Every structure is written in structure tokens, then in C-alpha cells.
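Presented below is the structure to which this report refers.
Throughout, read-outs are computed from the coordinates displayed, never taken from laboratory work. All figures in this text were calculated on a predicted structure; none of them were measured in a lab. Positions of Cβ are backbone-derived with ideal geometry, glycine not excepted, and every protein chain shown enters the neighbour counts.
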Amino acid sequence: MTGDRRLSGGGAEPAGAVRKERTDRKAPAALAGKSSAGGRKIGLYLLIVFGLHPGLAFAAEPARTDATVLMSEHPQGRAFQERYGYSDAVIAGDLVFVSGVVVGLAPGESDLGPAYERAYRQIGAILARAGSSWDDVVDMTSYHTDVAAQLEPMSVVHKSFVSAPYPAWTAIDVDRLVPEGGITEIKVVARRSAARPAD
């Protein structure tokens, strides 16, 4: 409408009038390169955040290094790991993540007990290399080709390596495992032993 008038500050101006924006506003001191108490506080805050918390720094260390990744000590096992791209275990802070160890029967073997003992000893050896042990295991997952038939014999061996209070344990039934002939695969997460110094 031609008679419309808009209020702007202390006076009125006709509708449609073009207002000139002020161009003499002062830029904040931090943006203008001027020193100010506020700018110094912000700079100090950023220095503290990124200086005291390395995890927030832009150039953080990689999660996996030669010192924190444990490969198989056996040439055949190492070659298998290199082929598929995995390791025995990875140390991350005070935690140890152990890859699944596959349980298999030896030729002519029918008793599952010795097969589980070999696997538990192998896991124990990997944990020891990482500065941990079965006593430090906090979580375990087992994958079974026949969970109903395998859980009882595995539990007998389990209790000879792991004492109460027990870690968390999830048992899952699966169709098959790699390599062929595997009956169970066991993976664990453990804390590094308090008595062991960190690398």
C-alpha cells in the first residue's frame, strides 16, 4: 500500500525505501587481528583442549601399529593371516581384542575335550603376548556348528581355564566356519593385566 510506513529505530520511512547499511561497524578484535582479553581466552581454551586431550588432536596416532598388532608366530598361520588381512590380536589402550580361534578335531579324534583345550591354550598364549591372561577376559563370543552338542564339553574345558566371577559369554549357532572342518570359533576381549607395564 502507498500509505504503508515502517518503523525503523526512532523514525519512520516510506515503504519500499532503500536503507543504507552502516559500513563503519568495527570487526571483532579476534577477526581484525587485534589483541583482546576475549581473544586470548579463546586461544588459551583451544590450546588446553587440544593440548591436554590427544584424542582430539588432528594428528592422532593410528589405532593399529606394529607394536599394537600381534601376528601369528607360526609361518603357516602368519601366511594365512597375511592372505586374508587379519591378526591374532590388537591392543587398544588397556584392552586386548583377540581374533576368533577355530577349534578343530585332529585326525582320528572324536573327543571334543582335547580340541577345546588346544584352542584355550592358544588363546591363552596370545593373551600372554599382549600382557594379559584368561583372568583378564571380560567378554567372550563362541560360534558353534552344533551348539547343543558342543556347549557342554566346551564348558568343562572353559571352567578349567576361567574361574568365577565369569566373563560375559555369548554362544551362537552357525552353519559353517573357516577353515573347513572347524567346529567352534572363540573370540575374546580382555583387559591388560594391571601388573604388566604398558608398551
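Within the option set VAL98, VAL102, being within 15 Å of ALA128 (Cα to Cα) and either touching a Pro at 6+ places or on another chain (Cβ under 9 Å) or β-branched (Val, Ile, Thr) (or both) holds for one residue only, VAL98. Of the strands (runs of 3 or more DSSP E) contained entirely in the stretch 93-199, those carrying at least 3 residues that are touching a strand residue (DSSP E or B) at 6+ places or on another chain (Cβ under 6 Å) and within 22 Å of PHE80 (Cα to Cα) fall at 95-104, 137-144, 182-191. The set of residues in the stretch 141-194 being touching a helix residue (DSSP H, G or I) at 6+ places or on another chain (Cβ under 6 Å), of a type in the set (Ser, Thr, Tyr) and crowded, with 18+ Cβ neighbours inside 10 Å consists of THR184 alone. Pairs meeting the criteria (first residue in the stretch 71-93 and within 15 Å of VAL178 (Cβ to Cβ), second residue surrounded by 10 or more Cβ atoms within 10 Å (Cβ to Cβ), beta carbons under 7 Å, at least 6 apart or on different chains) are GLN81/MET71; GLN81/SER72; GLN81/SER87; TYR86/SER99.
Close Cβ contacts (under 6 Å, 6 or more residues apart or on different chains) running from residues in the stretch 120-132 that are of a type in the set (Gly, Ala, Ser) to residues that are loosely packed, with under 15 Cβ neighbours inside 10 Å and not in a helix (DSSP H, G or I) comprise GLY131/ARG196.
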